[in-house]
Amino acid sequence: MESSDPRLGEVTRLLHQVRDGDKDAFDHLLPLVYEELRRIARRQLRRERQEHTLQPTGLVHEAYLKLVDQAAVAWQGRAHFLGVAARAMRQILVDYARRRNADKRGGDWVQTTLTHRDLGINLPLEEMLSLDAALDRLDELDPKLRQVVEFRFFAGMTEEEIAEVQGVTTRTVQRAWAKARAWLYKELYPEDGAPAE
């Protein structure tokens with residue numbers, strides 16, 4: 001919980017200042033969350049190909065530039081901020097993949113198994129684009145389900161943290177994760193049937 005760590009209370013206070021229009025508050029926020037942002041960036045880059053030119057620090061800085069423009073977001077606290085940061089990083093990586101594959105329509109697509117533990121490790125660029133498109137379709141059906149996937153898979157948040165951000169119970173998050181995982185599996189692998197447990 002945010003109240004157990006004085007720095008975390010400071011994060012929420014600064015986020016509220018950002019929301020209220022104080023642009024300088026974002027500059028004070030970054031040092032407080034920088035290591036957590038690097039952890040998220042490292043987690044996301046582990047899913048990328050080995051020779052990826054973007055490093056965790058660069059991904060954090062690009063995401064920071066995206067987040068600075070998000071002053072109108074109704075920041076709820078540290079976990080919400082980290083979730084939005086994870087989504088910004090995912091969008092940066094997807095944009096990078098799109099640029100890289102602009103002239104390779106189709107390519108050598110490799111299927112990866114989707115399990116309850118994760119949605120895949122070392123996703124090929126083409127599969128990342130497929131996952132991004134599926135998440136966009138999921139967002140049209142149920143934005144909360146997409147948010148659970150982003151928070152859990154991309155930000156590495158716990159079910160408890162997601163429940164806190166969404167204002168629901170942990171059990172509700174668990175059900176949403178199972179539903180989102182099954183839906184995404186059917187979207188990504190329609191010929192396979194149900195996901196393996």
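The values are calculated or read from the model by the stated rules, or taken from the named source; none is laboratory data. Only a predicted model underlies this, so the values are computations on that prediction, with no experimental measurement involved. All Cβ positions, even for glycine, are placed from backbone atoms using ideal geometry, and neighbour counts span all protein chains on display.
Observations on the structure shown:
- Arg42, sole failed condition from (1) surrounded by 13 or more Cβ atoms within 10 Å (Cβ to Cβ); (2) out of contact with any Pro (no Cβ under 8 Å at 6 or more places or on another chain); (3) at pLDDT 80 or above: (2)
- One residue from Arg78, Arg105, Arg49, Arg99 being modelled with pLDDT under 85, among the charged types (D, E, K, R) and surrounded by 15 or more Cβ atoms within 10 Å (Cβ to Cβ): Arg78
- Of the helices (runs of 4 or more DSSP H) contained entirely in the range 122-192, those carrying at least 2 residues that are in contact with a Pro (Cβ under 7 Å, 6 or more places away or on another chain) fall at 170-188.
- Long-range neighbours under 7 Å by Cβ, at least six apart or interchain, first residue modelled with pLDDT under 90 within the range 172-193, second buried (at least 19 other Cβ atoms within 10 Å of the Cβ) and among the small types (Gly, Ala, Ser): Leu184/Ala134; Glu187/Ala134; Leu188/Ala134
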